[in-house]
Each structure stands twice: as structure tokens, then as C-alpha cells.
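To start, the structure under review is shown below, and the notes come after it.
Since every read-out is calculated from the coordinates, none of them should be taken as a lab result. Computed from a predicted structure; not experimentally measured. Virtual Cβ from ideal backbone geometry, glycine too; neighbours counted across all protein chains shown.
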Amino acid sequence: MPKITYFTGVLSNDPQLNPDFYNWNLVKIRYCDGSSYTGDIEEVDPDTNLHFRGERIFEAFMEYFLGKGMIYAKNAILSGTSAGGLGAILHCDKFRLFLPLTARVKCISDAGFFVNVKTISGEPHIEEMYKRVVALHGSAKNLPPSCTLFSLDNPSLCFFPQYAEQHIHTPIFIINSAYDSFQINNSLVPNDADPYNEWIYCKHDINVCSPSQILTLQDFRLAFLEALNELGPSISRGYFISSCHSHHGIEIQGYWSYNNSPTIANKTIAEAVGD
């Protein structure tokens, strides 16, 4: 882990590169718990000394920052990337509760909209993995309660944004690629689903994919978009969905706001978020 982190993209203090947020107070929290800060297990693993208490870490951070002045915030945004983007969704309403009622509070999820898809071999790999994560970390009690109430037989489904987001009330902006490279590598084509390594090059460079592999990737895109569509319309939810074969980017200047940044309706991600 690098000792020095450079703030770029949404964290940049350059008004030319980050005109809406360059003068905000910023805090970056490194991801450290393995459950998007939802774990809460009292017992400690005797063999590894691992503590599965991500929810407590999140709450401790919030209390610390409130004591440092966040209690006086007039505007506040909880954002995250990848697992942190998932955490931003799952904790969005909780973040709202920590802050004064007079504050404007919103959330940004970057590359955190992980969808429940089956592998190319038809196996529910990511669903089973999330089920194990939720069980290991004791996360069910920290997922949106109105979601888990409707999923009593399988509360780990509420670890997926496509099910949890319907129960989030705080405004949120979702940034993702419909060809999310991480999800293609780990949800659609995990190693177990490709025993003959037929996807080993395509997963990392879509320019070398075969026609049938391209069709599979397009099917993934359709499944991703369908998961978004099933959320239904909401005035408190916005999207920036690109077709880049990538994963995350709001802290990368070239992705966030630059001459060749991805655009939708002639707006960069920075402009869309700022609006």
C-alpha cells in the first residue's frame, strides 16, 4: 500500500480540473474490511486474528469526523469506488442520519453497481460469493432493513445494489460501465468458469475477443442495463453509464474531467455530477 496518495479527479484541488469540488474538505478512507463496511462479528478468528467489524469501523470514522467539524457541514457527499462504491450505496441513508437535517447530503457510487449475473457456464458464482461474505461478516443486520425484510430466505441478495437501491432514500448518483471489466473478469468469467482459458485474453482486451465472445459481453451489458431499469424512475437517483471496458475512475483525472474523458450528452462525469 503506497504511503503517499495523490488527490486527483473528484479529489483534485485544481479549480480548472475539478470546478465543483476543488475547495471542499476531503477525507479519503482506505478500504480495509472486505465487506464494504457492513461486518459486525464479536468473535475474533483465533487462527488469523481477523476482526470482521467493518460496520463499527464506518461508525467510528463518522463519529471522529463529526467531532472534527463535519457536524457543521452544509453540504456533504459520501462517495466510493468499486467495493467502496458498493459501500456508498449501502451506507447512504446511514450517512444522512449522522448529519444535521439542514445539510444537503448525497452519495456517489463509482463502479460499485455489482449485478447478480450467472457465469458463462450458468453458475451463480457472484451470488454464492456474496452469500459467503454476508455470512462470514454477519452483514445481514447492517443491510437496508426494508430490503432484508423482503428477502428473509436470502438476505445476502441485499448486498447487490439492484435489490438494495430500491430501499435507499438519500439522493445518489451511480457511475459505472455497462462493460465493467472487474465484473466481466470476476462475475461473468471467473477462472472456474473458463477451465480451458478460452477467455484469458478477451477478458483483458476486448479487441481480441471472438464474435461469440463479443455477443456474450453484449448480453452482460443488457443484463446490467436491465438491472438498472428494474429500479424504476426516481427523482433522487441519477446515472452515468458508459460503454468503456474499465472499472472505476472518478479519482482518475482522465476519466473524471479531461479533453478525452468519456461523455454522455456532451457532459463529462465531472459535469454530470456537478449538475
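Data for the structure
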| quantity | calculated |
| --- | --- |
| Top-ranked residue in region 58-103 [being part of a strand (DSSP E or B) and in contact with a Lys or Arg (Cβ under 7 Å, 6 or more places away or on another chain); ranked as nearest to S181 (Cα to Cα)] | I77 |
| Pairs where the first residue, in region 91-120, is in contact (Cβ under 8 Å) with a residue 40 or more places away in the chain and the second is among the charged types (D, E, K, R) and part of a loop (DSSP other than H, G, I, E, B), C-beta under 9 Å, 6+ apart | D110/E251; A111/D180; F113/D180; F114/D180; V115/D180; T119/D194; I120/D194 |
| Residues of region 78-127 satisfying the condition of being out of contact with any Pro (no Cβ under 9 Å at 6 or more places or on another chain), closer than 18 Å to F21 by Cβ and among the aliphatic types (A, V, I, L, M) | L78, A88, L99, A103, I108 |
| Answer residue from region 201-228, given it is within 24 Å of the chain's Cα centre (by Cα) and either among the polar types (S, T, N, Q) or at positive phi (or both) and is surrounded by the fewest Cβ atoms within 10 Å (Cβ to Cβ) among those | Q218 |
| Tally, over region 109-161, of residues that are farther than 20 Å from G34 by Cα and in contact with a Phe, Trp or Tyr (Cβ under 9 Å, 6 or more places away or on another chain) | 5 |
| Residue that is surrounded by the most Cβ atoms within 10 Å (Cβ to Cβ) [pool: residues in region 127-151 that are within 30 Å of I235 (Cβ to Cβ) and aliphatic (A, V, I, L, M)] | L143 |
| Some residue of region 201-217 being touching a helix residue (DSSP H, G or I) at 6+ places or on another chain (Cβ under 6 Å), basic (K, R) and more than 26 Å from I29 (Cβ to Cβ) | yes |
| Subset of region 125-176 [among the hydrophobic types (A, V, I, L, M, F, W, C) and part of a loop (DSSP other than H, G, I, E, B)] | L143, L152, F160, I168 |
| Tabulated pairs, region 246-260, first touching a residue at least 12 places away in the same chain (Cβ under 8 Å) and assigned to a helix (DSSP H, G or I), second surrounded by 23 or more Cβ atoms within 10 Å (Cβ to Cβ) and aliphatic (A, V, I, L, M), C-beta under 7 angstrom, 6+ apart or interchain | Y255/I269; W256/V10; W256/I250; W256/I269; W256/A270 |
| Top-ranked residue of region 248-267 - restricted to ones that are farther than 23 Å from Q183 by Cβ and within 20 Å of the chain's Cα centre (by Cα), ranked as surrounded by the fewest Cβ atoms within 10 Å (Cβ to Cβ) | Q253 |
| Residue within region 60-69 that is among the hydroxyl-bearing types (S, T, Y) and over 29 Å from W256 (Cβ atoms) present | no |
| Cβ-Cβ under 7 Å pairs, at least 6 apart or on other chains, region 1-24 side in contact (Cβ under 8 Å) with a residue 12 or more places away in the chain and surrounded by 14 or more Cβ atoms within 10 Å (Cβ to Cβ), far side of a type in the set (K, R) and not in a helix (DSSP H, G or I) | L11/K28 |
| Any hit, region 175-184, residues being in contact (Cβ under 8 Å) with a residue 12 or more places away in the chain, in contact with a Gly (Cβ under 8 Å, 6 or more places away or on another chain) and surrounded by 15 or more Cβ atoms within 10 Å (Cβ to Cβ) | yes |
| Residues being over 30 Å from V133 (Cα atoms) and out of contact with any Phe, Trp or Tyr (no Cβ under 6 Å at 6 or more places or on another chain) - total across region 15-33 | 10 |
| Given (1) part of a loop (DSSP other than H, G, I, E, B); (2) touching a helix residue (DSSP H, G or I) at 6+ places or on another chain (Cβ under 6 Å); (3) at negative phi; (4) touching a residue at least 24 places away in the same chain (Cβ under 8 Å), index of the condition S36 fails | (3) |
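Conditions tested, residue by residue: (1) closer than 19 Å to F61 by Cα; (2) in contact with an Asp or Glu (Cβ under 8 Å, 6 or more places away or on another chain).
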site: S82; (1), (2): no, yes
site: G85; (1), (2): yes, yes
site: R96; (1), (2): yes, no
site: A103; (1), (2): yes, no
site: G122; (1), (2): no, no
site: Y130; (1), (2): no, no
site: N142; (1), (2): yes, yes
site: L157; (1), (2): no, yes
site: F182; (1), (2): no, no
